[in-house]
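Visitor: Next up is a structure, given as structure tokens.
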Amino acid sequence: MLRWVPNLSKTFGRLTLVFFFFFVAFALSIPARAQTASTIYSFALHDSFWPEGGLVEDASGNLYGTTVGGGTYGTGTAYQLSPPVKGSTTWTKTVLYSFQPWGSTGHTPSSELTIDSSGNLYGVTWSGGDGRCHCGVLYELIHPATSGAPWTHLVLHAFTNTNNDGRLPNAPVVLSSNTIYGVTQQGGLYDSGIVYRLIPGKNGGTYSVIYSFGANNDASGPNGPLLLDSAGSLYGVTSLGGAFNAGAVYKLAQNGGSWTESILFSFGGGSGSSGITPVGNLLFDSPGNLYGVTEFGGTSQLGVAYELSPASSSWTQNILFNFSKPVGSSPLAGMTWNPSNGSLYGTTSAGASHTHGSVFQLTPPVFGGLWTETLLQQFTFTNGGLPSGRVLRDPTTGYLYGTTYNGGVSGCDGNCGVDYQIIP
Amino acid sequence: MRPRQVLSVALLSFSSFGVVSLLPAQTPSVLTRQYDNQHTGQNLQETILTPSNVNSGGFGKVFSYPVDGQIWTQPLYVPNVNVGTKGTHNVVYVATENAKVYAFDADSAKKNPNPLWFTDFLNPPNVLAVPCDIGAGLCQLFPLVGITQTPVINLANNTMYVVVRTQETAGTVVSYVERLHALDITSGAEQPGSPAVICSAVGSGGCSFGGPVMFIPKVKQGRPGLLLVNEPGFSQGVLFMGFAGATGWVLAYDASTLQLVATFFANDGITRSGYGFGGIWGAGGAVVADSAGNVYVVTGDGYFDSIINWGDSLIKLVLTLNPATGTYSLVPADYFTPSDEACRFTNGLDLGSAGPLILPAQGGTTPDLIFQGGKASTLCDSTPSIYIVNRDNMGHLGGQVSLSQTAKAGSSSSPAYWASATANHIYNVADSDSLRAYTVSSAGVSTASVMQTSNTFSNGSSPAISANGTSNGIVWALDRTENSDILPGVQPVILHAYNGTSLSELYNSTQAASGRDTAGPSVKFQVPTVVNGKVYVGTQTELDVYGLCPCPQ
């Protein structure tokens, strides 16, 4: 069964959170606590390597992710990372599935996973699938009924790049009731990517392309997962297109049986000060503002964190933070709310003290202006490098989890990557 | 005087651009990587594409062909190929890392959406392309390593030569195999005597070719394009192939019999225990040859002693016959090694990250030059440089003719050359730098670039030139835009075209609206093939073809 992905628009309002934060920080004067960061798993060449995207968590605290490389056939894995048993500090990794470079099942996973309420996992691959197109697949890993039994891999859709279908899916899917939504980076009517919908069912269910990007000055090249609001509209970012061909935030609204796209914001204006190449997931706050990041642009041309607020004609942008080499640069994934204090967590792929990226926290200002960044982890390459996925926050403990694509154990080009834990 | 027996035999000039004895005159072919054995990267018989018609208004992506694996090899092109019952076609050939060779109609995917033929060297799950984490590891080529070396075509016998790397399982025994295949270009069928097993070994085993170093297929990755060279005594020429992975190798095969003729290894790993390497890769272009049949290879990091270890060196290899035994050797007859070789070795700065360019004779006192880039860093040199080497007297350690300035990171790609009516230029792209042109004449190569593009290339580029002789020169270059540490990478490759005399941009594949010209995701080592009014670009997922519009959405 599919489940509704938590909708952050239902979280506390930002203003409320800001108030709460300051109440906690100043009225209660709780002493600040230094965070603890640790590597919970180091990938290796002949195991699996280069974890892609972020992690998801089940109700038991198991983490799930994918690696681009390694596994039985060298073309990637889906894995489970189980927390230490009592008396141990060692996390246990189990490969759930090794992607095969032949046949139609798809290989080289290209995004983090999505988990449903039954613990089934959904993901996409960059290659394999359709015998002519080899354009990737949407797959499901079905949780075994018996603990320890193998997971079942099922191809839900193989992208064909024909009949306006897409190709090269590059972002995790979103689940809504009995429907899966996702994007592909290319393919579709203008070879600029699509948004697709799959309603699982008999004979493969009902698959449809609900939008093709790229017409005229349209957004082009989806570059992150979809976000669903309570009205069933979809939001996302593209790396190109828009008024300045530097990327856009788009909305797809359903009206009857058809979907209508609107560009909420075009990046690249102000000589790039508004950001260039938006990437990763978007977030809502309670009033309906959107939050995200760009890989480039801003005052240092190394990315920004931004807020978009709805206005009568188009949305207005507020820059939250300008990334730069000293404080971390070029995020490759979106951010994660900390609902306990209204701050945002994210990663930068490079920069910070050791040039190998960071995990940051952005705290809202009291009286307007830029948000304040706190670096929770600065990767040294030995303990990870090039984080490319979003941060997972355990809602119970508040602990943070994530991956780095490089760093860690040597042997792979750029080293093999790690999974990390931060106790804020 | 080099120890070589010279036979007075007039032979065809193999693998030179446009050598098509049985085909209509003026119909060009592209038979080898970077267009000729000197790797000038030029097609001087292009009469359709000109600076006046290459713009987004009238030029763009006209069609594409999906393939099942990444295309690290340069597409090859032969006109007027009789493909049996499928008629006569201009054919573009591509080889993929998933160990397939495809022959596509070069003019229209609409009329011929399926391959004219394709040859699959796999038999899954027992015979697979080799996962990159096997053996040499690192996964700089990712995820599969099947065919990386650009094949070479010999029109004299209608044969394409291609080296395929496979992992083969029989029961619990896993072997790694390198094979040389000779395919009929009209059908994809194996020619008589094909394939020849270069080496097949169980696990980490290897093959001995008579020296102290084993050739171990589990770790041996062939990267440079194959070279077919006219050598005395060989009716169809000699195939030269370079390998990286632990120790650099060059193997020479008789193109007629597919028999091994001679070998050369760049490092023994014994003289200084634990130090080997000298990998031969050059971003796919490390092996070149002059018109006399001398072969030049450039090596990556490795121990250097100028005796048996040749790390970070440009080496002239001469195929030499021993009249007493009738056997051949690859003799290192001359070499150039940068004076900072030891520093390069310490800091991982391969000279051989870039392929050499043998320049056409320029006159003057030192007419025969080689342009050799490579990785650079101020760690080893205050001014990162390109080396200009006299191929008639290569100068040994620190003996370059001159230096030309380059960007601080140096290059991991190969240059190209074009002589316009007014000047001779070398076009080179360093990492995170513009495409720059250097002048070359009888006075040598300019120490600084004389013009450059307004845009930069994150990961360098190996350009190609199309021109009608000395006019209508266009420089074509591919841009892999994203972080080079992320493999396979997801962003489309961008095709750029520049006026060859000014480097002003004529076109790039992001200009047209509605994603009309979007290419597939980028790979490394790729060189655009420009011929007969089309530009063929290999990507991770498809062969993209650009030409004069109409350009469908």
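The values are calculated or read from the model by the stated rules, or taken from the named source; none is laboratory data. All values derive from a computational prediction rather than experimental measurement. Positions of Cβ are backbone-derived with ideal geometry, glycine not excepted, and every protein chain shown enters the neighbour counts.
Visitor: For segment B:47-80, what are the residues that are more than 25 Å from the chain's Cα centre (by Cα), surrounded by 21 or more Cβ atoms within 10 Å (Cβ to Cβ) and within 14 Å of another protein chain (Cβ to nearest Cβ)?
Guide: Result: B:Gly60, B:Val62.
Visitor: Name, by its number, the condition in (1) at the interface with another protein chain (Cβ under 10 Å from one of its Cβ atoms); (2) in a strand (DSSP E or B); (3) of a type in the set (A, V, I, L, M, F, W, C) that does not hold for A:Leu189.
Guide: (2)
Visitor: If we scan segment A:42-60, do we find a residue that is within 14 Å of another protein chain (Cβ to nearest Cβ), polar (S, T, N, Q) and under 17 Å from B:Gly489 (Cα atoms)? Even if it seems obvious, please write down each step before you answer.
Guide: Start the filter on segment A:42-60 by keeping residues that are within 14 Å of another protein chain (Cβ to nearest Cβ), which leaves A:43-53.
Filter once more, keeping what is polar (S, T, N, Q): A:48.
This time we only want the ones that are under 17 Å from B:Gly489 (Cα atoms), so: none.
There is no residue in segment A:42-60 that is within 14 Å of another protein chain (Cβ to nearest Cβ), polar (S, T, N, Q) and under 17 Å from B:Gly489 (Cα atoms).
Visitor: On to the next question. Tell me, which strands (runs of 3 or more DSSP E) wholly within segment B:455-553 include 2 or more residues that are more than 14 Å from every other protein chain (Cβ to nearest Cβ) and buried (at least 22 other Cβ atoms within 10 Å of the Cβ)?
Guide: B:464-468, B:471-479, B:494-499, B:505-508, B:529-531, B:534-538
Visitor: OK, next. Given the conditions (1) crowded, with 20+ Cβ neighbours inside 10 Å; (2) outside any strand (DSSP E or B); (3) away from every other protein chain (no Cβ under 14 Å); (4) not aromatic (Phe, Trp, Tyr), and given that A:Gly232 satisfies all but one, which numbered condition is not satisfied?
Guide: (1)
Visitor: Could you check segment A:386-412 and list, in sequence order, the residues that are assigned to a loop (DSSP other than H, G, I, E, B) and either in contact with a Lys or Arg (Cβ under 7 Å, 6 or more places away or on another chain) or within 11 Å of chain B (Cβ to nearest Cβ) (or both)?
Guide: In the first step, residues of segment A:386-412 are kept if they are assigned to a loop (DSSP other than H, G, I, E, B); the result is A:386-391, A:394-399, A:405, A:407-411.
Matches in segment A:386-412: A:Leu386, A:Ser388, A:Tyr405, A:Gly407, A:Ser410, A:Gly411.
Quick grid of which residues meet (1) assigned to a strand (DSSP E or B); (2) surrounded by fewer than 24 Cβ atoms within 10 Å (Cβ to Cβ); (3) out of contact with any strand residue (DSSP E or B) (no Cβ under 9 Å at 6 or more places or on another chain):
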residue: B:Val331; (1), (2), (3): yes, yes, no
residue: B:Tyr335; (1), (2), (3): yes, yes, no
residue: B:Ala342; (1), (2), (3): no, yes, no
residue: B:Pro360; (1), (2), (3): no, yes, no
residue: B:Gly363; (1), (2), (3): no, yes, no
residue: B:Thr378; (1), (2), (3): no, yes, yes
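Visitor: Still on this structure, I have one more. Among the residues of segment A:99-125, which ones are within 14 Å of another protein chain (Cβ to nearest Cβ), part of a strand (DSSP E or B) and out of contact with any His (no Cβ under 6 Å at 6 or more places or on another chain)?
Guide: A:His107, A:Thr108, A:Pro109, A:Val124
Visitor: To continue, here is another question. For segment B:288-323, which positions are buried (at least 19 other Cβ atoms within 10 Å of the Cβ), hydroxyl-bearing (Ser, Thr, Tyr) and farther than 22 Å from B:Thr40 by Cα?
Guide: Matches in segment B:288-323: B:Tyr303 only.
Visitor: Restricting to segment A:137-183, what's the tally of residues that are outside any loop (DSSP other than H, G, I, E, B), away from every other protein chain (no Cβ under 11 Å) and under 22 Å from A:Pro101 (Cα atoms)? Walk me through how you get there before you give the answer.
Guide: Looking only at segment A:137-183, we keep the residues that are outside any loop (DSSP other than H, G, I, E, B), and these are A:137-142, A:152-158, A:166-169, A:174-176, A:179-183.
Going one step further and asking which of them are away from every other protein chain (no Cβ under 11 Å), we end up with A:137-142, A:152-158, A:166, A:174-176, A:179-183.
Keeping just the survivors that are under 22 Å from A:Pro101 (Cα atoms) gives A:137-142, A:152-158, A:166.
Number of matching residues: 14.
Visitor: Among A:Thr355, A:Thr396, A:Thr403, which is the only one that is more than 19 Å from the chain's Cα centre (by Cα) and surrounded by 15 or more Cβ atoms within 10 Å (Cβ to Cβ)? Explain how you work it out, then say what you get.
Guide: Working: A:Thr396 fails: surrounded by 15 or more Cβ atoms within 10 Å (Cβ to Cβ); A:Thr403 fails: more than 19 Å from the chain's Cα centre (by Cα).
Result: A:Thr355 is the single residue among A:Thr355, A:Thr396, A:Thr403 that is more than 19 Å from the chain's Cα centre (by Cα) and surrounded by 15 or more Cβ atoms within 10 Å (Cβ to Cβ).
The rows are residues; the columns are (1) modelled with pLDDT under 95; (2) in contact with a Cys (Cβ under 7 Å, 6 or more places away or on another chain); (3) closer than 25 Å to B:Val67 by Cα.
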position: A:His153; (1), (2), (3): no, no, yes
position: A:Leu156; (1), (2), (3): no, no, yes
position: A:Asn163; (1), (2), (3): yes, no, yes
position: A:Leu168; (1), (2), (3): no, yes, yes
position: A:Thr179; (1), (2), (3): no, no, no
position: A:Gln186; (1), (2), (3): no, no, yes
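Visitor: Within segment A:237-258, how many residues turn out to be surrounded by fewer than 18 Cβ atoms within 10 Å (Cβ to Cβ) and of a type in the set (A, V, I, L, M, F, W, C)?
Guide: 2
Visitor: Would you be able to tell me the number of residues in segment A:126-136 that are touching a strand residue (DSSP E or B) at 6+ places or on another chain (Cβ under 7 Å) and part of a loop (DSSP other than H, G, I, E, B)? Quick ask: steps written out before the conclusion?
Guide: First, pick out the residues of segment A:126-136 that are touching a strand residue (DSSP E or B) at 6+ places or on another chain (Cβ under 7 Å): A:126-130, A:132-136.
Now drop any that are not part of a loop (DSSP other than H, G, I, E, B), which leaves A:129-130, A:132-134, A:136.
Result for segment A:126-136: 6.
Visitor: Residues of segment A:215-229 being closer than 12 Å to A:Ile263 by Cα and either buried (at least 24 other Cβ atoms within 10 Å of the Cβ) or in contact with a Pro (Cβ under 6 Å, 6 or more places away or on another chain) (or both), which ones?
Guide: A:Ala219, A:Ser220
Visitor: It is to be established whether one or more residues within segment A:260-276 are surrounded by fewer than 24 Cβ atoms within 10 Å (Cβ to Cβ), aromatic (Phe, Trp, Tyr), free of Cβ contacts under 8 Å to residues at least 60 places away in the same chain and not in a strand (DSSP E or B).
Guide: Within segment A:260-276, none of the residues are surrounded by fewer than 24 Cβ atoms within 10 Å (Cβ to Cβ), aromatic (Phe, Trp, Tyr), free of Cβ contacts under 8 Å to residues at least 60 places away in the same chain and not in a strand (DSSP E or B).
Visitor: Name, by its number, the condition in (1) in a strand (DSSP E or B); (2) within 21 Å of A:Tyr291 (Cβ to Cβ); (3) more than 11 Å from chain B (Cβ to nearest Cβ) that does not hold for A:Ser239.
Guide: (3)
Visitor: Turning to a different aspect of this structure: Could you figure out which of (1) within 27 Å of B:Val219 (Cα to Cα); (2) in contact with a helix residue (DSSP H, G or I) (Cβ under 7 Å, 6 or more places away or on another chain) isn't true of A:Asn415?
Guide: So A:Asn415 meets the others, but not (2).
Visitor: Within segment B:266-314, work out how many residues are outside any loop (DSSP other than H, G, I, E, B) and under 17 Å from the mean Cα position of the chain (by Cα). Break it down stepwise before answering.
Guide: Quick first cut of segment B:266-314, residues outside any loop (DSSP other than H, G, I, E, B) only: B:277, B:282-284, B:287-289, B:295-298, B:302, B:304, B:310, B:314.
With under 17 Å from the mean Cα position of the chain (by Cα) added as a condition, the list becomes B:282-284, B:287-289, B:295-298, B:314.
Residues in segment B:266-314 being outside any loop (DSSP other than H, G, I, E, B) and under 17 Å from the mean Cα position of the chain (by Cα): 11 in total.
Visitor: Tally up the residues in segment A:360-375 that are of a type in the set (A, V, I, L, M, F, W, C), within 13 Å of A:Tyr306 (Cα to Cα) and more than 20 Å from the chain's Cα centre (by Cα), please. Write out each step before concluding.
Guide: From segment A:360-375, those of a type in the set (A, V, I, L, M, F, W, C) are A:360, A:362, A:366-367, A:370-371, A:375; that's our starting set.
Filter once more, so that each one left must be within 13 Å of A:Tyr306 (Cα to Cα): A:362, A:370-371.
With the extra rule that they be more than 20 Å from the chain's Cα centre (by Cα), the set shrinks to A:370-371.
Counting residues in segment A:360-375 that are of a type in the set (A, V, I, L, M, F, W, C), within 13 Å of A:Tyr306 (Cα to Cα) and more than 20 Å from the chain's Cα centre (by Cα) gives 2.
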